[in-house]
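Below is one structure, written out as C-alpha cells, with a few remarks after it.
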Amino acid sequence: MAEERTVLLGPDEVGRTIKRMAHEVLERSASPNDLVLIGIRSRGVHLARRLARRIRESADIDVPVGVVDVTPYRDDRTEARQAAPVGAFETPVAVDEKMIVLIDDVIFRGRTIRAALEAVEGLGRPKRILVAALIDRGARELPIRADIIGRNIDAGDDQRVNVSLQEADGLDQVTVADWPSRHRS
Amino acid sequence: MRSLTTIADLTNDEIEEIFSLADAAAKLRADRPAQGSIMATLFYEPSTRTRLSFESAMQRLGGTVISCSDMRASSAAKGESLADTARVVSAYADVLVVRHNWDGAVQAMAQHADVPVINAGDGGHEHPTQTLCDLYTLRQEKGHLKGLTVVLCGDLKNGRTIHSLVFALARFGANVVTLAANGMELPQYVIDRLERDYDYALAPVAAGDLSAVVSETDALYLTPKQPHQLALFTQVDQVIQARLNTMTAGLRYDAFYMTRKQKERMKGGAANGSYPTIGPDFLREQRFQDTLVMHPLPRVDELSPELDKDRRGIYFKQAAYGVPVRMALLKFLFDRRPGEAAVGQQALRSYQSPEALGPQCRNANCVTAKEPISAPQKFALFTVGEIGTLILACSYCDHRFKVEYIGHVPSKRYCAYDHALGATVGAWLQSGDLAIFDSIKEAEELGYEPFSAGPQRELMDENEIRSAITEISRQILRDCRDPDRLLLLGVRSVGTQLAQRMAAEIEAMLQRKVELGEIEIYGSGDELKRLMPSDPDLGPLILKDREIILIDDVIHTGRTVKSALSIIFRSGRPQSVRLAVLVDRGHREVPVKPNYIGKSIPSSAKDRVRVKLRGLDREERDQAIIYTIVNPARDAQSLSGKEKT
C-alpha cells in the first residue's frame, strides 16, 4: 500500500517559522548574553544551529550551542538505569545561571525532553529552561510543555510526523503520513 | 597528625621544605627514616604511576607496604562504608594512601582515620601529590617558580591534577594561561577560589580582536591583581589556536602542561574533535625553544612521539621525580606526628545544619551524595563580592553555591537571604541558631514560618478548595484509561493531604479502592512510599506502566515537579505522569505544565502562596492564602533584634 504523505510545511514556511522562533527566543530572554541553546540529537542540533545563526543576524549576539544525545537517559531503554549515563553531552556548555533553550524538531510524548532535562541537570543549575520545538503534536504523556512552538499539529497516534532539514536531508519540509498499523513510537 | 587531602593543607614554606627533602633523596634512602612503619595503599580506581611511586618511595625510606590488589573487589564491594574502612585500616598501618572516584572521598576518610591520610586523587577534585611533583619538576628545570608562565592545555574541567596545580602555581606567583578544549574550561569554583584566596581577578575581555578570534563563545581573561599578568582563554577551538598563539606572541612560555581527556569522568562524552595537541610544528617554532612540555601521563594522542626525544619533552622526568617527592612527603608527614594540625588551611566559618534537613552539596559526584553516612553535609560559609553574596562551600569537594534562604532555629522563622542580613547571620552562626534552606518548601516542611509577612489575602476558601478537589478528581477519572493502573502520588506533605482527599473522591465515584503513594523531594532515604493500601506485605511501590497522577498544592518554578519526575523515572517507567495542583501561581523556571489546576492566580516573585489544610499544623479550616514575604533590607533591623517568640 502506497504511503499517503501530506506536506504540512514547505521549504519557505520552515524557514519563516525558524526565523519567528528565533525572535521568540530573543523576546523571552531578559538578558540575551545569558542565552544558551542546546540541540537534541540529531535534527534538534541543526535547528539549534540555525536559530543561533538567526539570532546572530538579528541581534548580533553569539549564542553558545550545546549538543545533547539523550539516548542514555531514555527511560524506554532498560539498560539506561543500570549504567551511569555516559556520552550524553557531545558538546558540553556552561549552564549555571544561564537561560537554556532545549531544542528538538518534534515534541510529542514529552519523554525526550524529560531525558534532556536530566542531562542538563548533570551539567549544573540553570536559571531557567525553556523548550522550543518546530512541531508540537500534543498527546503528551508527561507534564512537560513546549514554550516556543513553530506549529501545532493534531496528528493521530497512527500518524507519523516527519521533519526533513536541509542539513540532514537536503530539503526543508514537514510531512505527515499514516503509520502502517503499528503501535505508537 | 597531618593529612594531605588538598594542596591547601601545605603552606608555601612547607612545600619548599618538602622540596629540600626531595633534593636530598639519596640521604633519605640511606637514613631509612620509615624503618618499621607500614603504609597502606587503598586504590578504588586504577593507577600505575601514583601507586607504584608511592610504594617505591615507602620502601626506599625503609618502610613496608600493604595493599589490596583491587579495592572494588574488597569489603567495599560488600558495602563497607569509607568511614569504617578508614577506621579499620588505621589499625593496620601508619599512613594511608587513598585514591577514590568520588569527589571529597579522601577528605571523608581522613575524618575517620587515626593515622595520616594522603590523597592520591579523589574524583575530579584534587590530586595534590601530582601537583607537588609538577612543581618540583618546574623548579628543577627552571630554577624557580615565581614569574614563570605556564600554559595549561586541554581538559581543564575534569582534570583533578589541573585543579590542584592551578592553585599551587597561583600561590607561587606563576602566570597561568589556559587553553581549554571546547566545553572543558576550569570549573567556576576553581576560578572563584583563585579570585578569593589568591587575589587573581577575572574579567571579560572586551578587545574586539579577541572576540573575533574566539568563535561562538566567550573569552575570559584572568589576571592576578599583583604583581604578575595572567591570561585565561576558554573554549578555544583548534582552528583559531594558531591565531591565538600569534596574538599572545609577546608572552614568553616556560612550560606547556598538557592533559589527557578524562573520558571516564565526563558526563558528556567525546567533545567535538577540537582537543589541543602538541605536534612537530611546535618543536620548530623559535619562540618555544625553551618551552618545556609536561604531562601528568598517561597520554592518549595529545603529544607527538617526536617530542619524546626532544630535550623539552620532560614528562618522563616528571614521572621519575614522583619517587623522591613522595619520599620527601612521607618523611615530612612522619616528622609531624602527632597532634599537629595543618596551618595551610584558611580558617573559615564552618557550617553544619542544626536541623534534620539542610543544604545539600549540589555536586552529584560528591562523597556527601554518594555515601552520606561517611560524610555528613559540612560547609565553609563566607561572603563574596561587593554585594556580599553568602556562599556555602562543601568541605569535601569544594563545590560552591549561593545561600537562598536562612532561618532562625529558636523562633522557627525563615526569610530569603539578603546582604543586609550579613551581621545577623554571623550572630546566628555563632550561637548555633542559623538554619539554611535550599528552598522555601524545605523550610516549611520543617515547620518554619516567614519572618514577617505582609497582609494576607485569601485566594480560596474552604468551599472553593472542596469543589476544586472534586472537580480535579472528576477530570482525573475522565482521562484515566485504566483504573487498575491508576496511582495517586502526593508530594509530601500538603500534596499528600490533597492526594488523600482526591483518592477518597475517586474511590466514591469508582466504588473501588485506588492506590495512593507519597513522594518526598527533600528527604534522604525513602523517596517513594505507599500509603494506601497500607499492607506491608505488598512490597515496594511499583511505577512501571502506571498512570501516575502527581499531586502538589502549589506550582511555582516547577523545580519540585522536575525533581519528582527524576525520582519517578529512577524507580520505574510509568505509562504516563499527569500533574494536578490546587494553585498555579506562574513564574516557571523549568518547562513543566500541570494537567489539572484548581485555580490560576497572578503573583509577583516576592509573593508567597500557601495552602493550609485542616489537620495539618493544627489548622482549623482549609484555605489558600497569598502574602508578600519579608523584605530583608527593610526588616533587617527587626531581624537582628531580639525577635524570639
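Quick look at the numbers
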{"read-out": "Sole exception among (1) touching a residue at least 40 places away in the same chain (Cβ under 8 Å); (2) farther than 24 Å from residue B:548 by Cβ; (3) surrounded by fewer than 14 Cβ atoms within 10 Å (Cβ to Cβ) for residue B:464, by number", "value": "(3)"}
{"read-out": "Within the stretch B:4-39, tally of residues that are without any contact (Cβ under 8 Å) to a residue 60 or more places away in the chain, touching a Gly at 6+ places or on another chain (Cβ under 7 Å) and assigned to a loop (DSSP other than H, G, I, E, B)", "value": "2"}
{"read-out": "In the stretch B:302-330, the residues that are over 16 Å from residue B:291 (Cβ atoms) and in contact (Cβ under 8 Å) with a residue 24 or more places away in the chain", "value": "B:319, B:321, B:322, B:323, B:324, B:325, B:326, B:327, B:328, B:329, B:330"}
{"read-out": "Subset of the stretch A:113-146 [surrounded by fewer than 24 Cβ atoms within 10 Å (Cβ to Cβ), within 22 Å of residue A:173 (Cα to Cα) and of a type outside the set (Gly, Ala, Ser)]", "value": "A:136, A:137"}
{"read-out": "The stretch B:45-69: number of residues that are at pLDDT below 95, part of a loop (DSSP other than H, G, I, E, B) and of a type in the set (Gly, Ala, Ser)", "value": "2"}
{"read-out": "So residue B:437, is it touching a helix residue (DSSP H, G or I) at 6+ places or on another chain (Cβ under 6 Å) and not assigned by TED's automatic domain parsing to the domain that holds residue B:504", "value": "yes"}
{"read-out": "Which numbered condition residue B:542 misses (of (1) more than 14 Å from chain A (Cβ to nearest Cβ); (2) buried (at least 18 other Cβ atoms within 10 Å of the Cβ); (3) out of contact with any Lys or Arg (no Cβ under 6 Å at 6 or more places or on another chain); (4) modelled with pLDDT of 85 or more)", "value": "(2)"}
{"read-out": "One residue from A:153, A:129, A:107 being in contact (Cβ under 8 Å) with a residue 60 or more places away in the chain and under 23 Å from residue A:50 (Cβ atoms)", "value": "A:153"}
{"read-out": "Residue tally, condition under 21 Å from the mean Cα position of the chain (by Cα) and either part of a loop (DSSP other than H, G, I, E, B) or not assigned by TED's automatic domain parsing to the domain that holds residue B:55 (or both), over the stretch B:81-120", "value": "4"}
{"read-out": "Elements of type strands (runs of 3 or more DSSP E) in the stretch B:358-418, at least 1 residues being away from chain A (no Cβ under 14 Å)", "value": "B:379-384, B:389-394, B:405-408, B:413-416"}
{"read-out": "Top-ranked residue in the stretch A:44-61 [being among the β-branched types (Val, Ile, Thr) and in a helix (DSSP H, G or I); ranked as surrounded by the fewest Cβ atoms within 10 Å (Cβ to Cβ)]", "value": "A:55"}
{"read-out": "Residue count for the stretch A:159-185, restricted to those that are modelled with pLDDT of 85 or more and over 13 Å from residue A:6 (Cβ atoms)", "value": "10"}
{"read-out": "Residue, modelled with the highest pLDDT, within the stretch A:112-135, restricted to residues that are over 19 Å from residue A:26 (Cβ atoms) and more than 9 Å from chain B (Cβ to nearest Cβ)", "value": "A:135"}
{"read-out": "Residue list for the stretch B:545-573, restricted to those being within 10 Å of chain A (Cβ to nearest Cβ), under 30 Å from residue B:628 (Cβ atoms) and over 29 Å from the mean Cα position of the chain (by Cα)", "value": "B:550"}
{"read-out": "Where residue B:42 falls short, out of the listed (1) under 27 Å from residue B:378 (Cβ atoms); (2) assigned to a helix (DSSP H, G or I)", "value": "(2)"}
{"read-out": "Qualifying residue in the stretch B:539-546 (condition: among the aliphatic types (A, V, I, L, M) and either touching a residue at least 60 places away in the same chain (Cβ under 8 Å) or assigned to a helix (DSSP H, G or I) (or both))", "value": "no"}
{"read-out": "Strands (runs of 3 or more DSSP E) enclosed by the stretch B:456-521 - at least 3 residues per element that are over 38 Å from the mean Cα position of the chain (by Cα)", "value": "B:457-460"}
{"read-out": "So residue B:527, is it free of Cβ contacts under 8 Å to residues at least 40 places away in the same chain, away from chain A (no Cβ under 14 Å) and touching a helix residue (DSSP H, G or I) at 6+ places or on another chain (Cβ under 6 Å)", "value": "no"}
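The values are calculated or read from the model by the stated rules, or taken from the named source; none is laboratory data. The structure presented is a predicted model; accordingly, all values stated were derived computationally and were not measured. Here the Cβ is made from the backbone with ideal geometry for all residues, glycine too, and neighbour counts use every protein chain on show.
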